[in-house]
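Notes for the one structure printed next.
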């Protein structure tokens, strides 16, 4: 509770325990025990009780504070061997977390109860154990309680012990609390509380401390005298203060996470050491000045992500190594902040954030979503609110990574929040606090329990209007925005363009890091159950292996449930990055390129505290018809934050730019110069890019050869195609399309069942004009295709589609066809190599890319539109046995997708194990494609990324390779 490091020398109790699952807390214990791994929820260990997923609904109908009658209860038991050398010492049992009520017994004697699923419970068991002998330790966990009503977070419900269990020992005279205050000016203060388990403190105890690189801290004599004078030292609690002025202090920030080692010792009256604690100190100051949040005096952009504790095999149990992998991934993709949604994380994660450099919003374990209004003012929950906030702050106060406290999430706003905020503001005035429920009562109000305006999913118009209103009095940092459900995170670049250009806007936290798909067996005796720890190795690159799938709400028979709404992360359940992560990485790039009016290149250091010496780079010159050329880049390593300088590409590269040629792009591929704590040397950091030359307009076509061959309905017959090119106005709905209403709109228009009606076929020499009609609920779409054979044996296709006035906001306007089988590889010139869409393409540099067709498709947990590439100028589909293929050249940069699935295949499937890849390539060439937005929870795409009525024209040519 008090952030004193007790783990060195402790006894770990993790591993196999005896276990029984009872139907309720009053049920008698049976004679049969099974084995269960601790830590680990029993809901992922084949015990018969299932995980349940709800977003905000409680999974049972009883009103607070009542739990349901059916209340699974897990009894965990093992032998506890306390070393004989611990006799006479204070012995403490620590249970890292248990969901939701914990009852502890040693040798049949009750030793305590805990009721917070995300903070440790500690019990003094000195009186109950027999050092040198074996005692039975029993931990009984009741799944549901009155506390469950304020743990109604958007996540899977589990049951059991989810964090490590250990026992440690101290001298009876021990450090009860160490509080470190380390501002950026280097004036360190350490406040210590001392207690004795034997009763009154012995006269003559003292405290000392040593800071690495500085030396011993001085005792604050003035404070000691004041304590004595004011009778502040009681018979059982001692207080001391030490201090030091650190010259030339190296400050801590997310970019420069400088840490000093601090050792605090408690001495007995004879001078011997009774207790010791170790801390890592980061000197930094957090302040709000006007409407700016400052770290060490600098206004920093908060490029944040929300993160749950999650693992696809073990549910809510995550090891320190797995937490490190989470945070390393977060750092590599440009994030500098994490919100611990929606509860305090394992202490190991905070240690890692201190070390790697991440700003944390530390959030209390309070969410009463289903009954938020009632509970916010319910005095029966007052103690729980204040206790959960206070225990979080007492535990985490010494972490420099924690820059903001949060009172919880989605719990309305009431007296219970004000009470918790009052305690917090008095105890820790060094950090601001936030609470979205208070902030939304009025963004310009000063009298609420939030120092930051932290809305959820506010639109760009709303936040920019507030910043320009003249009424803004607090920083605006969105606690949730850009909902990452399925193929999503559209308009992320628009968000950051507005944030960086608008004083008063300072960033936000994307929802969220993980897709919460639990690995589920689909074959054999255990089909339908969580794979648990037996599923190691059953997934890769975001895809579950044969015999498994990623399960979401309802897949375990859990009712009620909220379906795939838990699959809303930037990484797949195996931590494979989704394409949207690359978008964020580029938007958060530490350096930027721009083109000056005279044609020169300007580089800007976009960081807050660091120069460019940790980076290295190379130039890439990309030409559509002449490949990519590279050359080393010389970065101005000493360029300070916010400064810019001209950066000249090497002449040997620019001299090779053909005069009067095609489109040309210059890319700076930036990597880490050496090993970073979060990335090895050579890790790609960003790829800023500028266009040197526009693509010239294509020359007028010259017809040659016989007219094209058509079938009886006027559809093209071509040796490279098994299905002719026809008009497409629909896509397999994304999660945003389904939950935001676009899919219903398309179905109402009939776009998902569009039928072609032949109009006429006309010959004009070698040119063939085919007119078709596509009836919809609001009028007919007229479609014209003009086929022109080309001298090289290729075929030019020019198309026009006229959408009637009532047909608004279509999914796409373009062409779909299917190729002959055997084309397994795609090469293209355009944006990539990962998936991009019109409103999510800043992270896909233009260049030459090459990927196997099967890897073009993105395996979102619920199948949907995916695999698109934006800004494609030309592409080829090739046989893997070098047997040739086809090439397509487009008249302008277009949206292209090549997959093994028709849109109808994707729309009909609920999981990927239901999809059967076709041997042919399904190719979409879109004149226009609707943006993705984030309408599953948040704003839809902007008007400029939507498709209106009117005339669309596009053309493409088909060639043999």
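The values are calculated or read from the model by the stated rules, or taken from the named source; none is laboratory data. This is a predicted model, so every value here is computed, not measured. No Cβ is skipped: glycine too gets one built from the backbone with ideal geometry, and neighbour counts run over all protein chains shown.
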Just to check your reading of the model, which residue among 624, 586 is buried (at least 19 other Cβ atoms within 10 Å of the Cβ) and farther than 30 Å from residue 481 by Cβ?
624
Restricting attention to region 547-566, which residues are in contact with a helix residue (DSSP H, G or I) (Cβ under 8 Å, 6 or more places away or on another chain) and under 15 Å from residue 859 (Cα atoms)?
548, 549, 550, 552, 564
Do we find that residue 930 is assigned by TED's automatic domain parsing to the domain that holds residue 864, in contact with a strand residue (DSSP E or B) (Cβ under 9 Å, 6 or more places away or on another chain), surrounded by fewer than 22 Cβ atoms within 10 Å (Cβ to Cβ) and at pLDDT 95 or above in this structure?
no
Determine, yes or no, whether residue 842 is in contact with a helix residue (DSSP H, G or I) (Cβ under 9 Å, 6 or more places away or on another chain) and surrounded by fewer than 16 Cβ atoms within 10 Å (Cβ to Cβ).
no
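Is it true that residue 222 is farther than 30 Å from residue 493 by Cβ and either in contact with a helix residue (DSSP H, G or I) (Cβ under 9 Å, 6 or more places away or on another chain) or at pLDDT 95 or above (or both)?
Answer is no for this residue.
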Going through region 764-786 one residue at a time, which ones are at pLDDT 95 or above, part of a strand (DSSP E or B) and out of contact with any strand residue (DSSP E or B) (no Cβ under 8 Å at 6 or more places or on another chain)?
776, 779
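Yes or no, residue by residue, for (1) more than 19 Å from the chain's Cα centre (by Cα); (2) surrounded by 17 or more Cβ atoms within 10 Å (Cβ to Cβ); (3) at pLDDT below 95:
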position: 530; (1), (2), (3): yes, yes, no
position: 535; (1), (2), (3): yes, yes, yes
position: 561; (1), (2), (3): yes, yes, no
position: 574; (1), (2), (3): no, yes, no
It is to be established whether one or more residues within region 711-722 are buried (at least 17 other Cβ atoms within 10 Å of the Cβ) and part of a strand (DSSP E or B).
yes
Considering 894, 869, 900, which residue is on the phi < 0 side of the Ramachandran plot and surrounded by fewer than 23 Cβ atoms within 10 Å (Cβ to Cβ)?
900
Spot the failing condition for residue 291; the list is (1) within 30 Å of residue 572 (Cβ to Cβ); (2) crowded, with 18+ Cβ neighbours inside 10 Å, and only one is missed.
(1)
Of all the residues that make up region 672-689, how many are surrounded by fewer than 16 Cβ atoms within 10 Å (Cβ to Cβ) and either touching a helix residue (DSSP H, G or I) at 6+ places or on another chain (Cβ under 9 Å) or under 17 Å from residue 606 (Cα atoms) (or both)?
3
Can you list the strands (runs of 3 or more DSSP E) found entirely within region 56-169 that contain at least 2 residues being buried (at least 17 other Cβ atoms within 10 Å of the Cβ) and touching a helix residue (DSSP H, G or I) at 6+ places or on another chain (Cβ under 8 Å)?
155-157
Of all the helices (runs of 4 or more DSSP H) wholly in region 351-466, which have at least 1 residues that are crowded, with 17+ Cβ neighbours inside 10 Å and within 24 Å of the chain's Cα centre (by Cα)?
382-396, 436-439
The listed residue being surrounded by fewer than 18 Cβ atoms within 10 Å (Cβ to Cβ) and either in contact with a helix residue (DSSP H, G or I) (Cβ under 8 Å, 6 or more places away or on another chain) or part of a loop (DSSP other than H, G, I, E, B) (or both), out of 191, 177, 185:
185
Across (1) part of a strand (DSSP E or B); (2) surrounded by 24 or more Cβ atoms within 10 Å (Cβ to Cβ), residue 864 clears everything bar (1)
